[in-house]
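Participant: My questions all concern the structure below.
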Amino acid sequence: MQNIDSNTHLRGESIYLDDINVQHGTLYAACFDSAIAHGKILSLDVSGALQMHGVVHVFTHEDIVGQNQIGGIVPDEPLLADGHVHFCGMPIALVVAETDEAARAAVKKIKVEIEPLEVITDPRVAFAKGDLIVPPRKFNMGDVDGAWSTCEHIFEGVVDTNGQEHLYIETQGAYTVPAENGSIKVYSSTQGPTAVQRAVSKVTGLPMHQIEVDVTRLGGGFGGKEDQANTWAALCAMATQKLKRPVKYSLHRMEDMRMTGKRHPYSTDFKIGLDKDLNMIAYEASFYQNAGAAADLSPAILERTLFHCTNSYYVPNVRATAYSCRTHLPPNTAFRGFGGPQGMFVMEAAITKAAEALNVDASVIQQRNLLVTNDELPYGQKVVSEANECWNKADELYNIEQVKKQVTDFNATNKQYKKGVALMPICFGISFTNTMMNNARSLVHVYSDGSVVVSTGAVEMGQGVNTKILQVAAKTFSIDPAKVKVNSTNTYRIANTSPSAASATADLNGKATLIACNAILERLKQVASNELTISVDRIELKDEFVFVDAQKTETTWLQVIAWAFMKRVSLSEHAHYATPEIHYDKTKEKGHPFAYHVYGTAIITTTVDCLRGTYEIDSVKVVHDFGSSMNKAIDLGQIEGGIVQGIGWMTLEEIIYDKEGKLRSNALSTYKVPDIYSVPKEITIEFLDTDKDNLAIFKSKAVGEPPLMYGIGAYFALHNAIKAFNPNAKLAFDAPMTAEKLLMGLYSK
Ligand code: LUZ
Ligand code: MOS
């Protein structure tokens, strides 16, 4: 089954926000945003903008009819600045004009006087001042304090990871159109249509039933549009409400980079204890999350850091504490992995530190401590593990010792070039950590000509979820996939949706679709049974024919549909799915939050030019736990993309805010992402096919986020290459490993 969007993508015919034909009378919006990270607004003068040709209105917080508030978890984020600014890029005013160009030209005429206040960009400084977004979270298992005395080896350290720009190819944007009786239709490039609906409702003061949100597809989201698409939709809707005209805002790349939040940087202290056999006995970590100026999704991201702080390993005694620290950066937000990668990186750094001090290969510690089935994670969930299965199959297929030997041999005979290798096992929990969000709905209609349309809460953002949902319907009805269409995601068809996030979209919406299709199928079988006067248990619908006692008959799918229609039997179904078995008690920080975990092992090798500090990733060889993949092409695509995005985070991509809180890496000339020259020369992905029962759709495990974490191995492969060149190198654990940092590391003493 190929991706149903391939042909229209290739021909440039797929409809994104900016491809929607605008209505006559459409206006264009542009933000005037703060150039100061923290300060008090003394005066704001928009008169210069109002005098510009084509300008219709300039909105400030005073124009907002409802609430000036878009905070999702914590109500701490004004849509438009009111009295104070809290980050560079914070919207202060919105110009609305007859053309895009006029709006942006007028923005330049707005004058603001801001009295600067102290700017904090470092989460540890914010922590020292007690400026936390939410109270700290603490995970506890075993007896950490008691365990240290039983450890043979104890190591401590500090670890930093930087943020990451989402760089969805399609920038943020929205288009709002007035409808009858003051209702508003919102086209949005969002992962969360309901989140947009709520934000627009709050800002306009209109009830949710007057807000229709429609999403065809996204040109990438990666978490950046889980919550932060709300801003542009709310701004446009505010303007449509007042002006009663359609309003469009499609951000330019530099506006998007400067005004939106990114992956959270973290700074972390760790302490790890091992026994003489290199079993991990105790682990302690304090995570300082750089939340930015408002909560956004930071509290949820903070908890996923804790859920993944021991990665793929069993540690009996764990104490992990996480602090969400308020700084004056744009509010940081969801990004593929959602805090998990930040937690896992620290564990890998701790293992690396221990391995170097003990003069063993890190892979020895990694392998010895891999999770086995029924091991308990710090939050109380016992796992069904595939960690050893993936590791062992990787060893069988790729011969880990031989890969290491090739690297050692190469290094023994080369001076300028050094290779490094690292292993990266992963374990990622599938489900929203917030249990209540794990639900979805599907609306399935079978038309009288036998064709089918499916609507769900899933948002297609390039990950292929619509193809998978189409497969669910086609397979359940046993009809030609060409007979099925997946509709746009629309809040009038499907209500109260969770965002397409947490790698769970195909599972949740696929299962709801399965339930809906099965309900219709049961009715169709009953209809066939009545018409053919054959008991229903002897009837099957297969390949668009009725089968009786497993024998094909002349009666077609279309005939059964026609009978059902004539007999006034419903050919539609709306179904609800809520993940079973999951629960979590935040007061105890224990429970069973995940439907299942996804595992895998990657071997990453790299070559460093020790004269120049440049490097290449030679290969990434993976064994990944797919369960039983329902679409191998799509799943492989997700894994390749995830690996490259993870390597980008760990190596090239460097977000730089200066001390004033201004983004310096604010364009693609200063922010490097992986390109065709920097992707690994070889990516090999092998399937760990298992047929075990799990809560995935058709046992096909989620693939969205887990593979990003393989990229962490690239950092440690580079680290090891530096050590091969200079065994006494003084290396901090400070990602990303840019060429500059690597060069300094090579010659450090
Ligand atoms: N979004 C969210 C997520 O709201 N909750 C989650 O647990 C999550 N996990 C991964 C990615 N997005
Ligand atoms: Mo995401 S980080 O699954 O929106």
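Participant: Arrange the residues ARG538, ARG198 by how much accessible surface each exposes, largest first, with a 1.4 angstrom probe. Please list the in-between numbers first.
Facilitator: On the way: ARG538 100, ARG198 125 Å².
Of ARG538, ARG198, the descending order of accessible area is ARG198, ARG538.
Participant: In what sequence, largest accessible area first, do GLU77, GLU640, GLU396 appear using a 1.4 Å probe? Each step should come with its number before you reach the end.
Facilitator: Details: GLU77 25, GLU640 85, GLU396 150 Å².
Final ranking, largest accessible area leading: GLU396, GLU640, GLU77.
Participant: Now for a different question. Run through all the Cα pairs of the range 135-192 and give the fraction in each 5 Å bin from 0, expressed as whole percent.
Facilitator: 4, 9, 10, 10, 10, 8, 8, 8, 8, 8, 6, 5, 4, 2, 1
Participant: OK, next. Give the calculated FRET efficiency between GLU522 and ASN487 to the nearest 0.05, with a Förster radius of 30 Å applied to their Cβ-Cβ distance.
Facilitator: Details: r = 23 Å, r/R0 = 0.77.
Once the sixth-power term is evaluated, E becomes 0.85.
Participant: Can I ask one more? Give me the net charge of VAL384's neighbourhood, meaning all other residues with Cβ under 14 Å from the Cβ of VAL384; Lys, Arg count +1, Asp, Glu -1.
Facilitator: Working: positive: LYS382, LYS692, LYS699, LYS701; negative: ASP375, GLU376, GLU386, GLU389, GLU581, ASP625, ASP691, ASP693.
Around VAL384, the charge tally is -4.
Participant: Moving on. So, taking all protein chains as they sit and a 1.4 Å probe, how much accessible area belongs to MET90, in Å² rounded to tens?
Facilitator: Counting only protein heavy atoms, MET90 exposes about 10 Å² to solvent.
Participant: If you split all Cα-Cα distances of the range 15-103 into 5 Å bins from zero, what percentages do you get per bin, shortest first?
Facilitator: Values per bin, smallest distances first: 3, 13, 19, 20, 19, 15, 8, 3, 0.
Participant: Give me the Kirkwood hydrodynamic radius of the range 34-161 in Å, from all C-alpha pairs, to one decimal place?
Facilitator: On the way: mean 1/r = 0.0537 Å⁻¹.
Roughly 18.6 Å, rounded to one decimal.
Participant: Sequence-distant or interchain residues sharing an amide H contact under 5 Å with LYS542, placed H: which?
Facilitator: Here the answer is PHE547, since their amide H atoms fall under 5 Å of that of LYS542.
Participant: How large is the helix-only mean residue ellipticity at 222 nm for the chain, computed as the sum of -39500 (n - 2.57) over DSSP H runs with n ≥ 4, divided by its residue count, in deg cm²/dmol to the nearest 500?
Facilitator: On the way: 19 runs with 215 residues, N = 749.
That comes out to -9000 deg cm²/dmol.
Participant: For LYS276, list the lysines whose Cα falls under 29 Å from its own Cα; do not include residues on the same chain fewer than 8 positions away.
Facilitator: LYS138, LYS353, LYS382, LYS393, LYS404, LYS405, LYS723, LYS730
Participant: Taking a quarter of the surface of the Cα convex hull of the range 575-705, what do you get in nm²? Provide the component values of the computation, followed by the final result.
Facilitator: On the way: hull surface 53.5 nm².
Result: a mean projected hull area of 13.4 nm².
Participant: Looking at the range 224-272, which trypsin sites (Lys or Arg not before Pro) are DSSP coil and have at most 11 other C-beta atoms within 10 Å of their C-beta? Could you put the intermediate results ahead of the total?
Facilitator: Details: sites: LYS225, LYS242, LYS244, LYS248, ARG253, ARG258, LYS262, ARG263, LYS271; in loops: LYS225, LYS244, LYS262, ARG263.
Here the trypsin sites (Lys or Arg not before Pro) that fit, given the DSSP loop and packing criteria, are LYS244.
Participant: Additional query: Net charge within 14 Å of ALA147 by Cβ-Cβ distance, Lys/Arg positive one each and Asp/Glu negative one each, not counting ALA147 itself? Before the final figure, lay out each step's value.
Facilitator: Numbers: positive: LYS271, ARG319; negative: ASP143, ASP145, GLU152, ASP275, GLU284.
Around ALA147, the surrounding residues sum to -3.
Participant: Accessible area of ILE582, 1.4 Å probe, to the nearest 10 Å²?
Facilitator: Solvent-accessible area, nearest 10 Å²: 20 Å².
Participant: Averaged per residue, what accessible surface does the chain expose to a 1.4 Å probe, in Å²?
Facilitator: On the way: 28330 Å² over 749 residues.
With all protein chains present, the chain gives 38 Å² per residue.
Participant: Hey, another quick one. Quick check: convex hull over the Cα atoms of the range 212-290, volume per residue in Å³, rounded to an integer? Mind showing how you got there, number by number?
Facilitator: Working: hull volume 14.3 nm³, N = 79.
Residue-normalised Cα hull volume stands at 181 Å³.
Participant: Could I ask something else about it? Heavy atoms only, probe 1.4 Å: what % of the accessible area of the chain goes to carbon and sulfur, would you let me know? Could the numbers behind the result be given before it?
Facilitator: Numbers: 14730 of 28330 Å².
Here carbon and sulfur together make up 52 percent of the probe-accessible area.
Participant: If the cut-off is a Cα-Cα distance under 19 Å, which lysines reach LYS109, setting aside same-chain residues fewer than 8 apart in sequence?
Facilitator: none
Participant: For the chain, just run the numbers: alpha carbon Rg, then divide by 2.2 N^0.38 Å, N being how many residues it has. Let's see the in-between values first.
Facilitator: Values: Rg = 27.1 Å, N = 749, 2.2 N^0.38 = 27.2 Å.
So the Cα radius of gyration is 1.00 times the expected 2.2 N^0.38 Å.
Participant: Just how much of ARG124 is accessible, in Å², when a 1.4 Å probe is used and the result is rounded to the nearest 10?
Facilitator: 70 Å²
Participant: When you take every Cα atom in the range 682-732, what is the radius of gyration, and what is Dmax, the widest Cα pair distance, in Å?
Facilitator: 17.6, 51
Participant: Which percentage, to the nearest 5, of the DSSP beta bridges contained in the range 439-578 is antiparallel?
Facilitator: On the way: 19 of 22 bridges.
Among the beta bridges of the range 439-578, antiparallel pairing accounts for roughly 85 percent.
Participant: Oh, and also: How far apart, in nanometres, would the label points at ALA578 and SER6 be if each is projected 7 angstrom from Cα along the Cα-to-Cβ direction?
Facilitator: 4.0 nm
Participant: What percent antiparallel are the DSSP beta bridges of the chain, to the nearest 5?
Facilitator: Values: 102 of 132 bridges.
Antiparallel bridges make up about 75 percent of those DSSP assigns within the chain.
Participant: Take the Cα radius of gyration of the range 439-578 and divide it by 2.2 N^0.38 Å, with N its residue count; two decimals is plenty.
Facilitator: With N residues counted in the range 439-578, Rg over 2.2 N^0.38 Å equals 1.07.
The values are calculated or read from the model by the stated rules, or taken from the named source; none is laboratory data. Remember, predicted model here, so these are calculated numbers, not experimental data. A quick note on method: Cβ atoms are made from the backbone with ideal geometry, for glycine too, and the neighbour counts reach across all protein chains shown. Areas reflect the complete protein model, heavy atoms only, side chains present, ligands, DNA and RNA absent. Shrake-Rupley method; radii C 1.70, N 1.55, O 1.52, S 1.80 Å.
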